[in-house]
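So the structure is just underneath, and the comments pick up after that.
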Amino acid sequence: MYTDFFGFTAKPFSLVPNPNYLYMSSKHGHALTFLEYGLAEKIGFVMLTGEIGIGKTTLIRYLLNQIEADTDVAVIFNTNVKSGDLINLILNEFEIEYEDGISKAKALDRLYEFLIQKYAVKRKVLLIIDEAQNLSSDVLEEIRMLSNLQTDDDMLLQIMIVGQPNLRDKIQDPRLEQFAQRISVSYHLSAMTQEETGAYIAHRLEKVGGSPEIFSKEFVEKIFEVSCGIPRTINLLCDAALLYGYADGIKKIGLEILEQVIEGKGGMGVFTKQKLNNTQETCALYTDDPLDRLKDKISKMELRIEQLTKALNGRLKESESRAEFCRDEMVSNLKNLLIAERKRCASLEFMYGKLRGKYEFSERFNRVQ
């Protein structure tokens, strides 16, 4: 409605996750690096968490556009499932044929056959489970069991779970300790800073041929204060402000229009969970104070080092296990070679004895002649 009025080629602040509009903030860039690392290293479990509206789905869709052509991908959005239905849902997403009423054991066999076939032709298989915070403990345990589908060298199935912050709390349950241990790479996507919020708004406007000057500086500052740097809330506010500006015939959107938007919405869908709980301190964490930014970077760096160390230790344990197996196999092979060599030597000694006997007999016979 307002696109022609402002000279846009499309709506800049649509709520539909569109990877073409992804703004790569420092947090989104770090998250993408972790996800790409997990996939490139063929790590079995990768986890991404973040607040509602932070951009998890947009980031995943962006990642899917970058995935190599040699990868088969299935994405599950319906996570309100029972453990008995999970395998069938996975078969459906990978378009694996199966009979109605198939048992779980046979369904697993079908999935394993599919994974072996893909492995044989050097194709990778990735399963992405969105909204994973809705999964029950039983279903999460079923997912963990899928990681046992592997060869001696490689994981046959990589799994990426995506969810809200309570997913991290859920897997801290002692009953899911084994599940938590399988997650080698994880990242929590946090909100944008005030500076990034301004850059995000400018990025979205420029994508549709608009100018960042449409919004005043005070407007952007207030947007950050209200949204706490959550992209979906920013989109909601900016879209409504543009509509109000169009209705009033105003092409320069200022603070007064934003206040009208907030008042008109009465807080519905606008304020983040932190705002509703009156935790103003949350927004303060993302101000542009240099010391706060430094602390945030150090915290993120420590988290990345911890995760990479965990992944490295897992690889070392795996290598040690394989080395021990190879050593045992080598010792066994050497023993078999030694036994075979002894048998060959015994056979040669026997043949030598027979030949020597014949030679001595021939010598004695010649002397008699």
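In the stretch 230-283, how many residues are at pLDDT 80 or above and in a helix (DSSP H, G or I)?
Residues of the stretch 230-283 at pLDDT 80 or above: 230-264.
Going one step further and asking which of them are in a helix (DSSP H, G or I), we end up with 231-248, 255-264.
So the count comes out to 28.
Keeping to the stretch 13-28, report how many residues are part of a loop (DSSP other than H, G, I, E, B) and touching a residue at least 12 places away in the same chain (Cβ under 8 Å). Don't jump to the end; show me each part of the working.
Filtering the stretch 13-28 for residues part of a loop (DSSP other than H, G, I, E, B) gives 13-18, 22-25.
Still in the list and also touching a residue at least 12 places away in the same chain (Cβ under 8 Å): 13-15, 17-18, 22-23, 25.
Qualifying residue count, the stretch 13-28: 8.
Okay, residues lined up against (1) polar (S, T, N, Q); (2) in a helix (DSSP H, G or I); (3) farther than 30 Å from PRO174 by Cα:
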site	(1), (2), (3)
LEU86	no, yes, no
TYR98	no, no, yes
ALA105	no, yes, no
LEU127	no, no, no
MET145	no, yes, no
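Determine which member of the set SER14, SER83, SER25 is crowded, with 21+ Cβ neighbours inside 10 Å and of a type in the set (Ser, Thr, Tyr).
Step by step, each of SER14, SER83, SER25 is checked, and only SER25 is crowded, with 21+ Cβ neighbours inside 10 Å and of a type in the set (Ser, Thr, Tyr).
Which one of ILE183, ILE214 is farther than 23 Å from THR33 by Cβ and crowded, with 20+ Cβ neighbours inside 10 Å? Give the derivation first.
Values: ILE183 fails: farther than 23 Å from THR33 by Cβ.
Checking each option against the conditions leaves just ILE214.
Any residue in the stretch 43-57 that is modelled with pLDDT of 90 or more and either assigned to a helix (DSSP H, G or I) or more than 26 Å from ASN166 (Cβ to Cβ) (or both)?
Within the stretch 43-57, one or more residues are modelled with pLDDT of 90 or more and either assigned to a helix (DSSP H, G or I) or more than 26 Å from ASN166 (Cβ to Cβ) (or both).
Of the residues that make up the stretch 198-205, is at least one in a helix (DSSP H, G or I), among the hydrophobic types (A, V, I, L, M, F, W, C) and buried (at least 22 other Cβ atoms within 10 Å of the Cβ)? Outline the logic, then answer.
Pass one, the stretch 198-205, residues in a helix (DSSP H, G or I): 198-205.
This time we only want the ones that are among the hydrophobic types (A, V, I, L, M, F, W, C), so: 199, 201-202, 205.
Among the residues that remain, those that are also buried (at least 22 other Cβ atoms within 10 Å of the Cβ) are: 201.
Within the stretch 198-205, one or more residues are in a helix (DSSP H, G or I), among the hydrophobic types (A, V, I, L, M, F, W, C) and buried (at least 22 other Cβ atoms within 10 Å of the Cβ).
The values are calculated or read from the model by the stated rules, or taken from the named source; none is laboratory data. None of the values given here were measured: they were computed from a predicted structure. Here Cβ is always computed from backbone atoms with ideal geometry, including for glycine, and neighbour counts include all displayed protein chains.
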